[in-house]
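Undergrad: Handing you a structure now.
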Amino acid sequence: MPLSLTIGLIGYGIMGRAIETVANKQGISVGKIISSEENEDGKAIGSLTMGDVDVLLDFTVPDAVFSNIRAASEKGINIVVGTTGWYDKFEEAVEIVQKNNTGLFYASNFSIGMNILF
């Protein structure tokens, strides 16, 4: 039975395109694709309304992640982060998602091989 889920992609590079392909094959709806260029300081995320997406997947750049987490959390949207190099803001990000009662899932590497090795 397909999962009834609508995802949003932040960053539409190699990983974003791969996720879209897999999601479509699994019957998961991609409700919004936000390129890194259109999302300066989380502005494109700020335009989302409740129900546009169930979760955002961030595969952008380290300088954008914290703004994306903040913008998603302020909209009440859970976020999965696959970008590395932003951990200097981790504690502040945790405070924001706790304050807004949203979820944050992050991993330093989403490849199956690396996670088996870990």
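The values are calculated or read from the model by the stated rules, or taken from the named source; none is laboratory data. Computed from a predicted structure; not experimentally measured. Note that each Cβ is placed from the backbone with ideal geometry, even for glycine, and that neighbours are counted across all protein chains shown. Surface areas here come from the heavy atoms of the whole protein model, side chains and all, with no ligands, DNA or RNA. Shrake-Rupley method; radii C 1.70, N 1.55, O 1.52, S 1.80 Å.
Undergrad: Looking only at residues in the stretch 28-51 that are open to solvent by 50 Å² or more (accessible area, probe 1.4 Å) and modelled with pLDDT of 90 or more, which one is nearest to T83 (Cα to Cα)?
TA: Start the filter on the stretch 28-51 by keeping residues that are open to solvent by 50 Å² or more (accessible area, probe 1.4 Å), which leaves 29, 32-33, 36-38, 40-41, 43, 47, 49-51.
Going one step further and asking which of them are modelled with pLDDT of 90 or more, we end up with 29, 32-33.
On the way: S29: 22, K32: 19, I33: 16 Å.
The residue in question is I33.
Undergrad: Let me ask something additional. Would you confirm whether or not the stretch 49-62 contains a residue that is farther than 16 Å from F105 by Cβ, touching a strand residue (DSSP E or B) at 6+ places or on another chain (Cβ under 8 Å) and small (G, A, S)?
TA: Looking through the stretch 49-62, none of the residues is farther than 16 Å from F105 by Cβ, touching a strand residue (DSSP E or B) at 6+ places or on another chain (Cβ under 8 Å) and small (G, A, S).
Undergrad: Here is a check on your reading of the model: is E20 charged (D, E, K, R), in contact (Cβ under 8 Å) with a residue 12 or more places away in the chain and crowded, with 17+ Cβ neighbours inside 10 Å? Step through it out loud before you land on a result.
TA: Values: charged (D, E, K, R): yes; in contact (Cβ under 8 Å) with a residue 12 or more places away in the chain: yes; crowded, with 17+ Cβ neighbours inside 10 Å: yes.
So E20 fits the description; yes.
Undergrad: Now for a different question. If I filter the stretch 63-80 down to residues being assigned to a helix (DSSP H, G or I) and out of contact with any helix residue (DSSP H, G or I) (no Cβ under 7 Å at 6 or more places or on another chain), which single residue comes out as surrounded by the fewest Cβ atoms within 10 Å (Cβ to Cβ)?
TA: D63
Undergrad: Moving to a separate point now. Within the set of pairs 6 or more residues apart or between chains, which connect a residue that is closer than 23 Å to D54 by Cα inside the stretch 73-94 to a residue that is exposed (fewer than 15 other Cβ atoms within 10 Å of the Cβ) and small (G, A, S) with Cβ atoms less than 6 Å apart?
TA: Listed pairs, sorted by first residue: N78/G103; T84/S108.
Undergrad: Does T83 satisfy the condition of being open to solvent by less than 80 Å² (accessible area, probe 1.4 Å), touching a Pro at 6+ places or on another chain (Cβ under 7 Å) and of a type in the set (S, T, N, Q)?
TA: yes
Undergrad: Hey, another quick one. Answer yes if at least one residue in the stretch 107-118 is under 14 Å from the mean Cα position of the chain (by Cα) and modelled with pLDDT of 90 or more, and no otherwise.
TA: The answer is no; no qualifying residue exists.
Undergrad: For V94, which of the numbered conditions (1) out of contact with any helix residue (DSSP H, G or I) (no Cβ under 9 Å at 6 or more places or on another chain); (2) open to solvent by 80 Å² or more (accessible area, probe 1.4 Å); (3) not acidic (D, E) fails to hold?
TA: Checking V94 against (1) out of contact with any helix residue (DSSP H, G or I) (no Cβ under 9 Å at 6 or more places or on another chain); (2) open to solvent by 80 Å² or more (accessible area, probe 1.4 Å); (3) not acidic (D, E), the one that fails is (2).
Undergrad: In this structure, is T60 open to solvent by less than 30 Å² (accessible area, probe 1.4 Å), modelled with pLDDT under 95, more than 18 Å from T102 (Cα to Cα) and polar (S, T, N, Q)?
TA: Against the criterion (open to solvent by less than 30 Å² (accessible area, probe 1.4 Å), modelled with pLDDT under 95, more than 18 Å from T102 (Cα to Cα) and polar (S, T, N, Q)), T60 qualifies.
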